[in-house]
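What follows draws every value from the coordinates through simple rules; no lab data is involved. If you're wondering where the values come from, they're calculated on a predicted model, not measured in any experiment. When we count neighbours, we look across all protein chains shown, and the Cβ atoms used for this are built from the backbone with ideal geometry, even at glycine.
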Amino acid sequence: MRGQDLINTVLPDEMLVEIFCHLDGLKSSCDSCSLVCKKWLKIERLSRRTVRIGASRNPDAFVKLLVQRFVNVRNVYIDERLPVSPPFQFGYPIIHGPPPATKKRRYSKNARSSLEPLHASKDSRSESRDLEPFSLSDAGLVTLADGFARLEKLSLVWCSNVTSVGIKSVAEKCKSLKTLDLQGCYVGDQGLAAIGECCKQLEDLNLRFCEGLTDTGLVELARGCGKSLKAIGIAVCAKITDISLEAVGSHCTLLQTLSLDSEFIQNKGVLAVARGCSSLNVLKLQCINVTDEALLAVGTFCSSLELLALYSFQRFTDRSLCAIGNVCKKLKSLTLSDCYFLSDKSLEAIATGCGELAQLEVNGCHNIGTAGLEAIGRSCPGLSELALLYCQRIGNSALFEVGRGCKLLQALNLVDCSNIGDDAICNIAQGCRNLKKLHIRRCYEIGDKGIIAVGENCKFLTDLSLRFCDRVGDAALIAIGQGCSLRYLNVSGCHQIGDAGLIAVARGSPELVYLDVSVLQNLGDMALSEVGEGCPLLKDIVLSHCRQITDVGLAYLAKKCTRIESCHMVYCPFITSAGVATVVSSCVNIKKVLVEKWKVSQRTRRRAGSILSYLCMDL
Amino acid sequence: MSMISGDKSSTEILSLKSSDNEIFEVKKEVVLESITLRGMVEEDEFSDTLIPLPNVEGKILSKIIHYCQKHTEARAKVNGSEGAADSKEIKDFDSEFINVDDKTLLGIILAANYLNIKDLLDLGCQKIADNIKEKSVEDVRKTFNIKNDFTPEEEKAIREENLWAFD
C-alpha cells in the first residue's frame, strides 16, 4: 500500500520555502524540485534566490522571462563567456577552454572575440565576428533592476554592451546591493558614482578589466559607500591609479580586504590604504611597481593583518617581510609567489613573529631555501597547510622540522621540489598524523618508501595526488589502500602503478569520489572492475592514455558506478563506440564525456549530444 | 545531570504537556532554548503551572527536549560561548539525532518551527534538503509519496524552461 504524502499535507508553504533554501542554490536540485508536482513548482520558483546565466540568443527577452518567473531572487551572476546548453536543434556545442587568466597585456576587446563560444549551428556564418547583438544590453539590465528590487549580489562578466546607463538603474532600484562584481564591462564613471550615491549597504566591490573606469568613478564611489565597504578588488583597470586608493584610504575606514593586480598602482596608493584602513585583514598584491616602502607601511599600521599574498615579480626585499613579522602578530596565511629577492631571513622573521601561522605557500622564490622552512617548522606549531612549488633549493631537513613541530598539519602540496625525497615524506608521515591532503607532482626523489609511511601513519588521509612521480609503484598504493579511506585519488603519470595498486585502493576506499589514473600504461580491466565493485560513489573518472583498458573493463565500471558525472577517456585505443555508449546509458547523472569524436555512434549522439566533448585533433 | 550553580532559573523545573497528554518535567534553562516558550515563561504566567503544547505530540516533544538538553549542556561546557555548536561531539550528536524516518523528521521540523528553535529547524530542513539533493525527480516523488499532477506536456514545458542556465 502506498504511503501518505506527508510533506504536502503536513508542512505549511513557508516550511517548504525554508527547505528549498537549504538546497544551496544547486540548480540541478532546484530544477528537480520544480518538476515534482504543481505545488512544489510554485514554491520552488518563489524560493529561488540565485540565478546564474551564460550567453544567450536574446538576453534582454530572457531577462524579462526570469524576472517574471523568479520574483525573490537576490543573487544574479551573468557570465557571457559561457555558452548556454543549447536546445537540441542547434547542433553540438563546442565548449571553449578555460577563461583567460592572467594574459593581461595582450588582452583587448578585439582579442576577446576569438575566444567567444562557438556554436556549431546553422547560423554560424552570421555569428562568427558579430556576437555583440547577443550580449545583455542596458535595457536588459534595467529590466533586471526593475524586477529584482531586493538584489544583493550582482556579477556581470564580459557583458560588453552594458554601460553606465544600465548600472545607474541598478543603483537607483536596488538599494540593498551588497556585492558588485564587474569584469570586462565597459562601464564608465557615472555608473560607479551612481552606485556610490544610492547603494549605502555595498560591502564588496570587484573590478577587473574595466577599461572605461577612471579614478573619478572610484573616488565618487568611495565617498558614497566608504562607510560600508569591507572588500575591494581591482585588477587590470588601466586608468585606476593611486588617486583612487587615496580616496579608499580616506573614506573606507572599515575596509578589511584589499586585492590589487595592476602595474599602474605605486607605493603612494598602498601607503594611503595602509595608513587609513587599520582594520585591514587581507592583502593581496600583484603590483610590479610597489616596493618595500609600501609594505613597510603595512608592517607598521596593519596589526590586524591575517592574510598576506604577494604574487609575481615583486621587488620586495627581506626588509619589508621582517617588518611584517614584527608587527602582524595575527598573521595566519602567507603566500609568496615569484618573490625573487626574498631570502631565508624573511621566513625566519615571519616564523619568529607570527606564531599563529596556519597556511604557507612558497612558489618559485629561488632565494628561499631549507633554513627558512626549518624556522617555520620550529616556531609555527599551528601550521595546517604547506605548499612548496618549484622550490628546488629546499631539502629534506626542512620537512624534518615541519614533521617534528607541526603536528596539526592537514595539507601538504609539493610541486617540482627535486631535493625532497623519501626520508622527508617519512618524517612528515610519522609526525603529522592529522594529514588529510597530500599532493605531490614531479618530485622524482619520492618513491614507494615515503608513501608507504604515509599509508601506515596517516589514517585521516582522504585526498592523495601523486602525479608523474615515476618512482612510485604498487607497493605504495597497497599501503595506502590498507591504511586510508580516500575520497580523491590522482596517480596520473606514475607509470609503475598497475592493477595491484589500484585494486588495493578500490578495496580500501568505499567513499572514493574522484579518480584520475591517466597515463598509466600498465593499468588494465581488472583494476576497473574492482573500482566498480569497491567505489559506488564515484563521480569523476579520468582514464585518458590508459592503453590497456578495453570496453569490458569500462562496462564493469559504468554498470556499478552509476553516479559517474564525468568521464575522460581519450587516447585509449581499445575503447570503442560500444564502450562509450555503455557509459552514456548506464550513468544516469552523466554530465560530461571527453572522447574522440569518431568513437561516438549516431545513436549515442542523439541520446547525449549535449554532454559530449570531443578531442580536437586539428589543434 | 550536571547542576549548574547560580540563579534560580537553573534549578527551576517546568512541566510541558504534549497533545496526547504526556507530561515532561524539564529544567527551565532547557525550556528557554525555545524562543516561543521563553516568551511564555518570562511573562510569568506559567511559572508554577503546566505549559500545554497542543501542537506537539509526545513522541516528538520527547526528542525535542533531548535535543535542547544536549545543546544546553554543550553550551555550558564552553561557558556559553559561540563555539559550542561547532564541537565535533555536538556535530556527531546532531547527525545521529536527525537520522530518523520521514514522518518523525517532518514532526520535528513542524515542532521546531512552532517552538522557534532555530538551530533545530535548520538541522531538520537541511536533512530534508540533503535527502532531495542527490535524487532524480521520480525518486523524490517516491521518497515522499508525492503524486505527479503534471500532464506530460506540462512536464516537458517545464523541462525546457529549466534549460536556460548553467550551474
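General observations
- Greater than 28 Å apart at Cα, pairs in A:Lys168/A:Lys230; A:Lys329/A:Lys459; A:Lys591/B:Lys88; B:Lys70/B:Lys147: A:Lys329/A:Lys459; A:Lys591/B:Lys88; B:Lys70/B:Lys147
- In plain terms, the bigger the Kirkwood radius, the slower the diffusion; for the range A:466-619, with that radius from Cα pairs, at 20 °C and 1.002 mPa s, Stokes-Einstein puts D at 141 µm²/s.
- Residue order, fewest to most beta carbons within 10 Å, for A:Lys436, A:Lys268, A:Lys168: A:Lys268, A:Lys436, A:Lys168
- Placed amide H near A:Leu389: partners under 5 Å, 5+ positions off or other chain: A:Val362, A:Asn363, A:Gly364, A:Val415
- Computed from the C-beta positions of A:Ser610 and B:Lys118 and an R0 of 41 Å, the FRET efficiency is 0.50 to the nearest 0.05.
- Whole-Hz ³J(HN,Hα) from phi, Karplus 6.51 cos²θ - 1.76 cosθ + 1.60, for the range A:359-375, glycine and proline x: 10, 9, 10, 10, 10, x, 8, 5, 9, 9, x, 4, 4, x, 5, 4, 4
- Just so you know, the Cα atoms of the range A:296-376 work out to an Rg and Dmax of 11.1, 31 Å.
- Using only side-chain charges placed at the Cβ, +1 for Lys and Arg and -1 for Asp and Glu, the dipole size of the range A:245-379 relative to its Cα centre rounds to 300 debye.
- Segment A:Asn58..A:Leu26, full-extension length gain: 9.1 nm, with 0.36 nm per residue of separation and the alpha-carbon distance subtracted.
- Over the range A:202-266: Kirkwood hydrodynamic radius from C-alpha pairwise inverse distances, Å: 11.4 Å
- For the range A:261-330, the convex hull drawn through the C-alpha positions has a volume of 67 cubic angstrom per residue.
- Shielding by other protein chains, B:107-116, mean Cβ within 10 Å: 2
- Principal axes of the range A:288-438: Cα extent on each, largest first, Å: 42, 27, 21
- Mean per-residue shielding of peptide B:131-142 is 5, counting Cβ atoms of other chains within 10 Å of each Cβ.
- Between B:Thr11 and B:Val78, the FRET efficiency estimated from the beta carbon spacing at R0 = 25 angstrom works out to 0.75.
- Whole-Hz ³J(HN,Hα) from phi, Karplus 6.51 cos²θ - 1.76 cosθ + 1.60, for the range A:346-356, glycine and proline x: 4, 5, 5, 5, 5, 4, 5, x, 10, x, 8
- Nitroxide proxy distance, nm - points 7 Å out along Cα→Cβ at B:Glu161 and A:Ser279: 4.3 nm
- A DSSP coil position with no more than 16 other Cβ atoms inside 10 Å describes the following chymotrypsin sites (Phe, Trp or Tyr not before Pro) in the range A:441-513: A:Tyr444, A:Phe460.
- Backbone HN-Hα couplings from phi across the range A:384-399 [Karplus 6.51/-1.76/1.60, Hz, Gly and Pro as x]: 10, 9, 9, 10, 10, 10, 6, 10, 6, 8, 8, x, 3, 5, 4, 6
- Once the Cα-Cα distance is subtracted from the 0.36 nm per residue extended length, the B:Ser62 to B:Asp20 segment shows a gain of 13.9 nm.
- Links that overshoot a 29 Å alpha carbon limit, given the list B:Lys17/B:Lys127; A:Lys27/A:Lys332; A:Lys449/A:Lys559: A:Lys27/A:Lys332; A:Lys449/A:Lys559
- Orientation-averaged projected area, Cα convex hull of the range A:398-482 (nm²): 4.4 nm²
- Proximity of backbone amide H atoms, modeled 1.01 Å from N, is registered between A:Cys572 and A:His545 at under 5 Å, excluding neighbours fewer than 5 places apart on the same chain.
- Three-way shape call for the range A:484-538 based on the alpha-carbon gyration tensor, with the a/c threshold at 1.5: prolate
- For A:Ile288, the residues whose amide H sits under 5 Å from its own are A:Ser262, ignoring neighbours fewer than 5 places away on the same chain, with H placed 1.01 Å from N.
- Computed over the alpha-carbon atoms, the protein assembly as shown gives an Rg to Rh ratio of 0.98, Rh here being the Kirkwood radius from the mean inverse distance.
- By definition, a body whose alpha carbon gyration tensor gives a ≥ b ≥ c is oblate when a/c is 1.5 or more and a/b is not larger than b/c, and the range A:128-246 fits this oblate description.
- With the largest listed first and rounded to whole Å, the semi-axes of the equivalent ellipsoid of the range A:344-429 from the Cα gyration tensor are 17, 15, 11.
- Histogram of C-alpha separations across the range A:1-75, 10 Å bin width, %: 17, 47, 26, 8, 2, 0
- Across every direction, the projection of the convex hull enclosing the Cα atoms of the range A:228-350 has a mean area of 6.2 nm².
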